[in-house]
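Okay, structure first, notes after.
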Amino acid sequence: MAVKKFSTKYEAAWSDADQLLLCLDTGTWRTKRPVVDKEKCTYCGLCAIYCPPQCMITRPDFFEPNLNFCKGCGICAKECLRGAITMRPEGDFTS
Amino acid sequence: MKAKQGELKVMTGNSAAAYGAMLCRPDVVASYPITPQTEVVEQLSRFHADGTLEAEMIEVEGENSAMNAVAAATLAGGRAFTATSSWGLVYMYDAVLQAAGFRAPVVMANVNRETPGILAVSSGQQDMIQTRDTGWIQVIVENSQEILDTIIMAFRLAEDYDIQLPVMVNYDGFYISYLAEGVRIPAREDVDRFLSVLKTQPQRTIMDPTRPIGAGSHGLMTEFMELRYRHCAALDRAKKKFDDIDKDYGDFFGRSYGGQIEEYRTEDADFVILTSGSAVGTSRTVVDAKRTEGVKVGLIKLRMFRPFPQEKLIKAIKGKKAVGVIDRSVNFGWNCGPIYSELRALTPEIGNIPILSFIDGLASIDITKPHIERVIDDVANAAKGKPYQAVTWIPLEERE
């Protein structure tokens, strides 16, 4: 058998999860993106609690998604009591 | 350095499996009883109750939970053992695949029995055949002593840093499972010493609460393909590793079984027969009898079924005039024996010689001496260039 170099680090199906549960490249699945209105955000943390891949990043006084892992499910927007998160189509963004 | 000669005790194959597992000091045992394996669970429970086995015995409600429990235990760095048969193996099927995919070094005794479809509480290797593409290492053994010894070797193989794969040790249900014969039980400290090689190796990746890690992820495209490739490469390495472990075992305990295959009187043989499991013992006797009549027949015992010992078989068979394969199961669709069809795939390397398939011993039909004599006669005729029948269902086809 001839393959010498692998992109995976481990012999078996392990992946580092030191950044919460962020071990799969789920960001590529997204068709809609959560946008946080920093003025409305009261820093309650509900979005971070409900986020399935646990990708909400804690900023000094608000939360925002890590777009490398956010799959655009919209649960954060649904759960936010202040309506501070809106889901916007990926096509609206250039990056 | 030699091991002490172990205590000799009369025991069944199932007891030998339980002794083998107990001597390896597993951390976790989870197993659900099923005929003809039940006695393995009973014996392990007895060891646990009297303090001989200091393992966590997880009482499970079925085989699926059993396999998930032992696979998870090995991912957490433990040593784990389970045993099953037929319906039980089918019931844990997704977990069997999971264990292999996770590279969980579980050791499982599988007591061969016919599979669902026709209710057959009887012997047959079909259950093992149904799981041949799961990515497990599969070994087939012949008698009680070999069960005990091979389970100890299986832990060395499964947990080896270069392998990290689950190993299934198969033995014929109803025949070897219940047959009582003398078995040497190695001393505990000698088994500890034999397995201590594993402690000198690097630590395989395991679950550790202080270091968050995902198990079984990486399910996408190239990464998935890499993991499959690594899995196949590990299976490839397992062949030589199994030979080496068998040799080590022989040097230390004084018993060895040839590794991937065992050759018996093949060197000067004109033709050979290939079989596995309990049929090998009877075949040896018949080969000896035929030899006294001047028939130059040899016998190959297949011990490793997955990975398939291609190189060893090519070396053993190349130059022979014909081969007969006795299977205790069927290959649906090819309509012949499964070990036979695997061997046929080696035709380019071994040469275009007659290869004959014999299906025998399904559902506890005895593979008798007359049956094997007939196999040898048929293969001898084919070796002489006479026309032959490719597939013969021995008990259903009277000799003309």
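The values are calculated or read from the model by the stated rules, or taken from the named source; none is laboratory data. Everything quoted here is computed from the prediction, not taken from an experiment. Methodologically, a virtual Cβ is constructed for each residue, glycine included, from the backbone with ideal geometry; neighbour enumeration extends over all protein chains shown.
Once region B:165-224 is narrowed to residues that are exposed (fewer than 13 other Cβ atoms within 10 Å of the Cβ) and in a strand (DSSP E or B), the residue that is farthest from the other protein chains (Cβ to nearest Cβ) is B:G182.
Has region B:313-325 got any residue that is in contact (Cβ under 8 Å) with a residue 60 or more places away in the chain, crowded, with 23+ Cβ neighbours inside 10 Å and of a type outside the set (A, V, I, L, M)? Within region B:313-325, not a single residue is in contact (Cβ under 8 Å) with a residue 60 or more places away in the chain, crowded, with 23+ Cβ neighbours inside 10 Å and of a type outside the set (A, V, I, L, M). Set side by side, the residues A:Y50, A:Y10, A:Y43 differ, and just one is in contact with a Ser or Thr (Cβ under 6 Å, 6 or more places away or on another chain), of a type outside the set (G, A, S) and over 23 Å from A:G91 (Cα atoms), which is A:Y10. Scoring A:D61 on the criteria (1) more than 14 Å from chain B (Cβ to nearest Cβ); (2) at pLDDT 90 or above leaves a single failure, condition (2).
Would you pick out the residues in region A:1-45 that are under 18 Å from the mean Cα position of the chain (by Cα), hydrophobic (A, V, I, L, M, F, W, C) and either surrounded by 18 or more Cβ atoms within 10 Å (Cβ to Cβ) or within 11 Å of another protein chain (Cβ to nearest Cβ) (or both)? Result: A:A17, A:L20, A:L21, A:L22, A:C23, A:L24, A:W29, A:V36, A:C41.
So, B:A233, is that one within 14 Å of chain A (Cβ to nearest Cβ) and outside any loop (DSSP other than H, G, I, E, B) or not?
Values: within 14 Å of chain A (Cβ to nearest Cβ): yes; outside any loop (DSSP other than H, G, I, E, B): yes.
When the stated conditions are applied, B:A233 passes them.
The set of residues in region B:236-260 that are among the hydrophobic types (A, V, I, L, M, F, W, C) and surrounded by fewer than 18 Cβ atoms within 10 Å (Cβ to Cβ) contains only B:F252. For B:T115, the test of being surrounded by 17 or more Cβ atoms within 10 Å (Cβ to Cβ) and within 26 Å of B:Q201 (Cβ to Cβ) is failed. Exactly one of (1) outside any loop (DSSP other than H, G, I, E, B); (2) within 25 Å of B:C336 (Cβ to Cβ); (3) charged (D, E, K, R) is unmet by B:E146. Its number? Against the list (1) outside any loop (DSSP other than H, G, I, E, B); (2) within 25 Å of B:C336 (Cβ to Cβ); (3) charged (D, E, K, R), B:E146 comes up short only on (2). Of all residues in region B:171-213, exactly one satisfies the criterion of being under 20 Å from the mean Cα position of the chain (by Cα) and under 24 Å from B:L75 (Cβ atoms), namely B:L195.
Farther than 23 Å from B:V287 by Cβ, in contact (Cβ under 8 Å) with a residue 40 or more places away in the chain and touching a helix residue (DSSP H, G or I) at 6+ places or on another chain (Cβ under 6 Å): does that describe B:P307? Give the derivation first.
Details: farther than 23 Å from B:V287 by Cβ: yes; in contact (Cβ under 8 Å) with a residue 40 or more places away in the chain: yes; touching a helix residue (DSSP H, G or I) at 6+ places or on another chain (Cβ under 6 Å): yes.
Spelling it out, B:P307 is indeed farther than 23 Å from B:V287 by Cβ, in contact (Cβ under 8 Å) with a residue 40 or more places away in the chain and touching a helix residue (DSSP H, G or I) at 6+ places or on another chain (Cβ under 6 Å).
Would you confirm whether any residue within region B:266-273 is within 12 Å of chain A (Cβ to nearest Cβ) and more than 30 Å from B:Q145 (Cβ to Cβ)? Among the residues of region B:266-273, not one is within 12 Å of chain A (Cβ to nearest Cβ) and more than 30 Å from B:Q145 (Cβ to Cβ), which makes the answer no. Taking strands (runs of 3 or more DSSP E) as the structural unit, those lying wholly within region B:282-400 and holding at least 1 residues that are among the β-branched types (V, I, T), within 26 Å of B:T131 (Cβ to Cβ) and not assigned by TED's automatic domain parsing to the domain that holds B:W136 correspond to B:297-302, B:323-327, B:355-359, B:391-393.
Just need a number here: residues in region B:19-48 that are without any contact (Cβ under 8 Å) to a residue 40 or more places away in the chain and buried (at least 24 other Cβ atoms within 10 Å of the Cβ). Talk me through it step by step, then tell me what you get.
If we filter region B:19-48 for residues that are without any contact (Cβ under 8 Å) to a residue 40 or more places away in the chain, which is where we start, we get B:22, B:33, B:38, B:42-48.
Add one more test, that the residue is buried (at least 24 other Cβ atoms within 10 Å of the Cβ), and what stays is B:22, B:44.
Residues meeting the conditions: 2.
Only residues that are without any contact (Cβ under 8 Å) to a residue 12 or more places away in the chain and in contact with a strand residue (DSSP E or B) (Cβ under 6 Å, 6 or more places away or on another chain) were counted across region B:168-207, and they come to 1.
Confirm whether B:S123 is at positive phi and either away from chain A (no Cβ under 14 Å) or buried (at least 23 other Cβ atoms within 10 Å of the Cβ) (or both). Give the derivation first.
Working: at positive phi: no; either away from chain A (no Cβ under 14 Å) or buried (at least 23 other Cβ atoms within 10 Å of the Cβ) (or both): yes.
Here the answer is no, as B:S123 does not meet what is asked.
Taken together, the residues in region B:70-100 that are surrounded by fewer than 21 Cβ atoms within 10 Å (Cβ to Cβ), assigned to a helix (DSSP H, G or I) and not hydroxyl-bearing (S, T, Y) amount to 5.
Against the condition surrounded by fewer than 19 Cβ atoms within 10 Å (Cβ to Cβ), out of contact with any Phe, Trp or Tyr (no Cβ under 6 Å at 6 or more places or on another chain), in a loop (DSSP other than H, G, I, E, B) and touching a residue at least 24 places away in the same chain (Cβ under 8 Å), how does A:R88 come out, does it pass? Spell out the reasoning first.
Working: surrounded by fewer than 19 Cβ atoms within 10 Å (Cβ to Cβ): yes; out of contact with any Phe, Trp or Tyr (no Cβ under 6 Å at 6 or more places or on another chain): yes; in a loop (DSSP other than H, G, I, E, B): no; touching a residue at least 24 places away in the same chain (Cβ under 8 Å): yes.
No, not satisfied.
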